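Trainee: Sending over a structure as structure tokens; questions will come in a sec.
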Amino acid sequence: MFRYFENLVDPYCDHPETDRPPTRLWPFLKVYAEPFWRVFFWTGLMSVVVAAIEVGLIYYMGRLVDLLEGPPAQVWAQYGTELVMVALFLLILRPALHAVDVLLLNNAVLPNFGTLIRWRAHKHVLRQSVGWFENDFAGRIANRIMQTPPAAGEVVFQVFDAISFSLAYFIGAAILLATAEPVLLLPLLLWCLAYAALIRWTVARVEPASKAASDARSAVTGRVVDAYTNIHSVKMFAHHSQELDYAKEAIEHSRRTFQTEMRIFTTMDLTLVTLNGFLIVGVTGWAVYLWMQGQATVGAVAAATALTLRLNAMTGWIMWALTTFFRQLGVVAEGMETIAQPIDLTDRPGAQPLTLTEGRIEIRGLSHHYGRDFGGLDRIDLTIAPGEKVGLIGRSGAGKSTLVKLLLRFYDAEAGRILIDGQDIANVTQDSLRRQIGMVQQDSALLHRSVRDNILYGRPEASEAEMIAAAKQAEAHRFILDLADPEGRRGYDAHVGERGVKLSGGQRQRVTLARVILKDAPILLLDEATSALDSEVEAAIQDTLYGMMEGKTVIAIAHRLSTIARMDRILVMDRGRIVEEGSHAGLLAQGGLYAQFWGRQSGGFLNAEAAE
């Protein structure tokens, strides 16, 4: 039974992806709710049925009071069959209908709706560009991905569990009172008007207050995660107190926004208690008056009393449900600031996979300044022949990393073109471009998974033997066999911790190298590939690196000039332009910037500041 309802909707069903999702709340929710419309219909219908049954029971209680005014034997003889049928209904049919109602809501809708939103939101966010992620906190992005689905699920829950139920209940209550005595409708209608005004007042204030509170909570998360992510810097600089003060500022702001939100609820509760007092006195008191005048039966008084007491108990729940509904809408709206952002770096219509034949790279008039008037690249022209090994050096900010990022199409160039084997990379699919490029970065962050998973990330279909061969080539196999994590996993099964923190910098770099070796892409980008290695390991791996380069087109960024001295050609960049190029010996002979860098090296590293 559970499995049937749980499988009514597939949260991973196919759907048309869009680069620009709706940015308004209701269209946004409508898109996500499309697979659920049929289930929503039946859930809403069952909610109305359950409410009608509740009102019907109150009506029958009043009828039962009137029936019991006669002699017991006569009552049983005349109404015994009716009483038995009502009992059977309460014992069998009512639980069955209620079961369908809760199974639809709790098992068909809630788990699947939240899962669908989280899956699609994560899928959308993963398609964002590197630049998009660089402009936000990873913790805040993750927080919004995690908090939006349960908030949206709570919105749906309140729609069917409270809002549709309460509407049906109020309509049923009005019909019941009109049937018993039409004049009893007057205090109920007056109360409904006041209750609606209170709801309007509350909702108008709760939604912005909850949005502010949600934003404040996200800010707290962002600051806390930022401290945890950079815990080495916090400890190294002994900034424990400063981080506490930095977090306290956000936590205090979160407390104040939450206080504002709670003041609204307190005012609402006090006003509601007063309104409900008028409801009970108005309806019950008038019913008693009508009975004293002989215009209403005892059963009508009993039904009116039970109904008002039930409404009194429900109104607080309904008001809380409505405020929860709008508060959670505020959370969804805050999450949309991340989830509904358009994807600006996309494959162009009709983009084809990159067909790599030789590995020739041509850069024509390439400029990129990140939307500023300085930094980045300025009108770069460069051709790298198939299989050529090019070293790239320059001061920090000279444009080296920007060139690599544009080659990977992490950004779209502001001007100019990059062609690989005559194909403009802006016109090919991003995935096919990056599959043809292997890259080792200076920041060799790893996934919080096993060593095996991290190496196989380069080529998931590779065999165990191929993976181990790549690790041996990267001088990583020996230390990997000695690894163990707190869970008792050893060797290639050991987990490396978040961003690989359980490994030393050199160990992380060698695992990264093994991953790129396994990928075996025809174009190779090295950004300080050996910067984290000690001299002994670097010397052992240098031949491996040059072995990796055989037959590949290579661009290697280095501050340690000895690592690129054997390159076919060395390019010197300064202020976004290529100012010198040639072989190591030729550039030394020129006596220019490269010769200055070489002459001012300390321990083989480029002393850029001294070179200035």
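Trainee: Using just the C-alpha positions of segment 341-450 as equal point scatterers, what log10 of I(q)/I(0) does the Debye formula give at each q in 0.10, 0.14, 0.23 1/Å?
Mentor: Result of the Debye calculation: -0.32, -0.63, -1.46.
Trainee: Hey, another quick one. On a full-extension model of 0.36 nm per residue, what is the gain between residue 193 and residue 138, subtracting their alpha-carbon distance, rounded to one decimal in nm?
Mentor: 15.1 nm
Trainee: At 0.36 nm per residue, minus the direct Cα-Cα distance, what do residue 588 and residue 352 gain on full extension? Give it in nm, one decimal, please.
Mentor: Taking residue 588 through residue 352 to full extension adds about 80.6 nm, to one decimal.
Trainee: Moving on to the next point. For segment 445-461, just list the computed ³J(HN,Hα) in residue order, Karplus coefficients 6.51, -1.76 and 1.60, θ = phi - 60°, integers in Hz, with x standing in for Gly and Pro.
Mentor: Each residue of segment 445-461 in turn: 6, 10, 6, 6, 9, 6, 4, 4, 4, 5, 6, 5, 4, x, 8, x, 7 Hz.
Trainee: In what sequence, highest mean first, do 71-80, 135-144 appear when ranked by Cβ atoms within 10 angstrom?
Mentor: Going by the mean number of other Cβ atoms within 10 Å, highest first, we get 135-144, 71-80.
Trainee: With every protein chain left in place, what is the accessible area per residue of the chain in square angstrom, probe 1.4 Å?
Mentor: Computed with neighbouring chains in place, this is 50 Å² per residue.
Trainee: I'd like to know which of 11, 549, 322 lies farthest towards the positive end of the charge dipole of the chain, counting +1 on Cβ of Lys and Arg and -1 on Cβ of Asp and Glu.
Mentor: 322
Trainee: Would you work out which of 231, 212, 273 lies farthest towards the positive end of the dipole of segment 199-277, given +1 charges on the beta-carbon of Lys and Arg and -1 on that of Asp and Glu, about the Cα centre?
Mentor: Farthest towards the positive pole: 273.
Trainee: Describe numerically, in nm with one decimal, the distance between label points set 7 Å from Cα along Cα→Cβ at residue 84 and at residue 309.
Mentor: Inter-label distance under the simple model: 3.1 nm.
Trainee: Considering only protein heavy atoms, with the full assembly of protein chains and a 1.4 angstrom probe, order 8, 67 by accessible area, largest first.
Mentor: 8, 67
Trainee: Can you compute the charge dipole magnitude of segment 293-433 about its Cα centre, using +1 on each Lys and Arg Cβ and -1 on each Asp and Glu Cβ, nothing else charged? Give it in debye, rounded to the nearest 20.
Mentor: The calculated dipole for segment 293-433 is roughly 440 debye.
Trainee: Shifting gears a bit: Rank 124, 152, 114 by how far each Cα sits towards the positive end of the charge dipole of segment 108-162 (+1 on Lys, Arg Cβ; -1 on Asp, Glu Cβ) and give me just the farthest.
Mentor: Positive-end residue among those listed: 124.
Trainee: Only bridges with both residues in the chain count here: give the DSSP antiparallel percent, nearest 5.
Mentor: 50
Trainee: When you count, for each residue, the other Cβ atoms within 10 Å and take the mean per peptide, how do 270-276, 200-206 rank with the highest first?
Mentor: 200-206, 270-276
Trainee: Once phi is turned into θ = phi - 60°, what whole-Hz ³J(HN,Hα) does the Karplus curve with 6.51, -1.76 and 1.60 give for every residue of segment 141-155, x standing for Gly and Pro?
Mentor: 4, 5, 4, 6, 5, 7, 8, 5, x, x, 5, 5, x, 5, 4
Trainee: Right, next: Just for the Cα atoms in segment 50-116, what are the lengths along the principal axes, largest first, rounded to whole Å?
Mentor: That gives 60, 18, 10 Å along the principal axes, largest extent first.
Trainee: Another question about this same structure. Counting other Cβ atoms within 10 Å, keep those with at most 12, restrict to DSSP loop, and tell me which trypsin sites (Lys or Arg not before Pro) in segment 338-423 are left.
Mentor: Answer by residue number: 372.
Trainee: Sorted by average packing, counted as other Cβ atoms within 10 angstrom per residue and highest first, what order do 559-565, 513-519 take?
Mentor: 513-519, 559-565
Trainee: Counting helices only, and only those DSSP H runs with n ≥ 4, report the 222 nm mean residue ellipticity of the chain as the sum of -39,500 (n - 2.57) divided by its residues, in deg cm²/dmol to the nearest 500.
Mentor: -19500 deg cm²/dmol
Trainee: Sticking with this one: Can you check what the net charge comes to around residue 569, using other residues whose Cβ is under 10 Å from the Cβ of residue 569 (Lys, Arg +1; Asp, Glu -1)?
Mentor: Spelling it out: positives minus negatives among the neighbours equals -2.
Trainee: Mind checking the dipole of the chain: about its Cα centre, +1 per Lys or Arg Cβ, -1 per Asp or Glu Cβ, Debye to the nearest 20?
Mentor: Charge dipole of the chain: 360 debye, to the nearest 20.
Trainee: Tell me, what is the FRET efficiency for residue 34 and residue 490 to the nearest 0.05, using R0 = 41 angstrom and their Cβ-Cβ distance as r?
Mentor: 0.30
Trainee: Given R₀ = 35 Å, what would the calculated FRET efficiency be for residue 41 paired with residue 481, taking r from the Cβ atoms and rounding to 0.05?
Mentor: 0.05
Trainee: Which of (i) 120, 49, 47; (ii) 101, 68, 43; (iii) 81, 56, 52 is the computed Cα extents along the principal axes in Å for the structure on display?
Mentor: Entry (i).
Trainee: Using a 7 Å offset from the Cα along the Cα-to-Cβ direction at both residue 343 and residue 577, what is the distance between the two label points in nm, to one decimal?
Mentor: 3.8
Trainee: At a Förster distance of 41 Å, what's the computed FRET efficiency of residue 568 paired with residue 448, Cβ-Cβ distance as r, to 0.05?
Mentor: Between residue 568 and residue 448 the formula returns 0.60.
Trainee: What are the equivalent ellipsoid semi-axes of segment 169-220, built from the alpha-carbon gyration tensor (square roots of five times its eigenvalues), in whole angstrom, biggest first?
Mentor: 39, 11, 5
Trainee: Could you work out how far apart the two model spin labels at residue 434 and residue 259 are, taking each label as a point 7 Å from the Cα in the direction of the beta carbon, and quote it in nm?
Mentor: In this crude label model, residue 434 to residue 259 measures out at 4.6 nm.
Trainee: Could you go through segment 286-299 in sequence order and give the Karplus-derived ³J(HN,Hα) for each residue, using 6.51 cos²θ - 1.76 cosθ + 1.60 with θ = phi - 60°, rounded to whole Hz, and x for Gly and Pro?
Mentor: Coupling constants for segment 286-299: 5, 5, 5, 4, 5, 5, 5, 8, x, 9, 8, 7, 4, x Hz.
Trainee: Ordering 381, 10 by accessible area with a probe of 1.4 Å, largest first, what comes out?
Mentor: 381, 10
Trainee: On a full-extension model of 0.36 nm per residue, what is the gain between residue 239 and residue 278, subtracting their alpha-carbon distance, rounded to one decimal in nm?
Mentor: Extra length available between residue 239 and residue 278 comes to 8.1 nm.
Trainee: With respect to the cross-link table entries 405/472; 123/400; 405/552; 30/211; 405/519; 400/502, which display a Cα-Cα separation exceeding 23 Å?
Mentor: Flagged as over cut-off: 405/472; 123/400; 400/502.
The values are calculated or read from the model by the stated rules, or taken from the named source; none is laboratory data. Keep in mind that what you see is a predicted model, and the values were worked out from it rather than measured. Ideal geometry is used to build each Cβ from the backbone, glycine not excepted, and the neighbour counts take in all protein chains shown. Protein only, heavy atoms only, side chains kept; ligands, DNA and RNA dropped before computing areas. Shrake-Rupley method; radii C 1.70, N 1.55, O 1.52, S 1.80 Å.
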